[in-house]
Amino acid sequence: MMLRRRPRPRSETRESGSSRVARWALALAFVLTACGAKRDERTAPARHAMSEQAALAALQAMPAWADLEGPDPARAAQILDAAEQLKQLDDDALRRVVVAYVEQERAAHDGLGVSAGSRLYVLVRYVFAAPTRAKGGVARFGSFQGIPTGDGWVDEQWPWSAVDGRLQLTGTFGGYFGEDYLAVEEFDAFRQRYGRRKS
């Protein structure tokens, strides 16, 4: 006598209709989510630095380093924040902002004043990797007083100092003597000599 195996109940051999629908719905949701994420990555706009117009306004609003009367941590922090924002522009865009700033100052005041020039003086040294022991005897573009110097060297990073791995505005303005500050020419020279500061 041949014994036949009792067939399993239908519920044990196949998923119920509701379970199967739920599983397919879950899989479809996963696929749509993944596709949506990829589409978002492709279409999401890239993050850009501020516009040149906004950068010019930020530069004009930056406190002038030459106007600080002795140590002024609050206003020094404002200068640092503005310089960090402006640093986000690429070299060409930042140069255009500097040129526009200089042209506006000269048109309004018949020259680049010391206070206005001091904004660019600190900005150039924040953006570019000016060293604390640069070779002396090279072309100078302004006559800001108080720059630390030594035997054959000059501190091109001044008035910034590295504090806990980050630049801080520690030098105080000591006066200006001589011809107008050639800010655009210094921008070009520092860009060529030192390149961008890494941090």
(message) Any residue that is farther than 23 Å from GLY70 by Cα, among the acidic types (Asp, Glu) and without any contact (Cβ under 8 Å) to a residue 24 or more places away in the chain - is there at least one of those in region 92-100?
(response) yes
(request) Go through region 42-154 and tell me which helices (runs of 4 or more DSSP H), entirely inside it, have 3 or more residues that are out of contact with any Lys or Arg (no Cβ under 6 Å at 6 or more places or on another chain) and closer than 25 Å to GLY165 by Cβ. (result) 73-86, 114-127
(message) Checking the condition of a type in the set (Lys, Arg) and more than 21 Å from TYR194 (Cβ to Cβ), which residue from ARG106, ARG125 passes?
(response) ARG106
(message) Residues to consider are GLN145, GLN78; find the one that is surrounded by 14 or more Cβ atoms within 10 Å (Cβ to Cβ) and polar (S, T, N, Q).
(response) GLN78
(request) Please give the number of the condition GLU179 fails out of (1) surrounded by 14 or more Cβ atoms within 10 Å (Cβ to Cβ); (2) in contact (Cβ under 8 Å) with a residue 12 or more places away in the chain; (3) closer than 18 Å to ALA66 by Cα. (result) (1)
(request) Scan ALA44, ALA49, ALA58 and give me the residue that is at pLDDT 95 or above and surrounded by fewer than 18 Cβ atoms within 10 Å (Cβ to Cβ). (result) ALA58
(message) Go through (1) under 20 Å from ARG197 (Cα atoms); (2) of a type in the set (Gly, Ala, Ser); (3) modelled with pLDDT of 95 or more for GLY175 and report which single condition fails.
(response) (1)
(request) Considering only region 166-199, state which residues are among the small types (Gly, Ala, Ser) and either part of a strand (DSSP E or B) or closer than 27 Å to PRO73 by Cβ (or both). (result) GLY171, GLY174, GLY175, ALA183, SER199
(request) Out of ASP92, ASP81, ASP110, report the one residue that is at pLDDT below 95 and either touching a Cys at 6+ places or on another chain (Cβ under 8 Å) or charged (D, E, K, R) (or both). (result) ASP110
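The values are calculated or read from the model by the stated rules, or taken from the named source; none is laboratory data. Here the structure is a predicted model, which means the values were calculated and not measured. Counting neighbours? That spans all protein chains shown, and the Cβs are built from the backbone with ideal geometry, glycine included.
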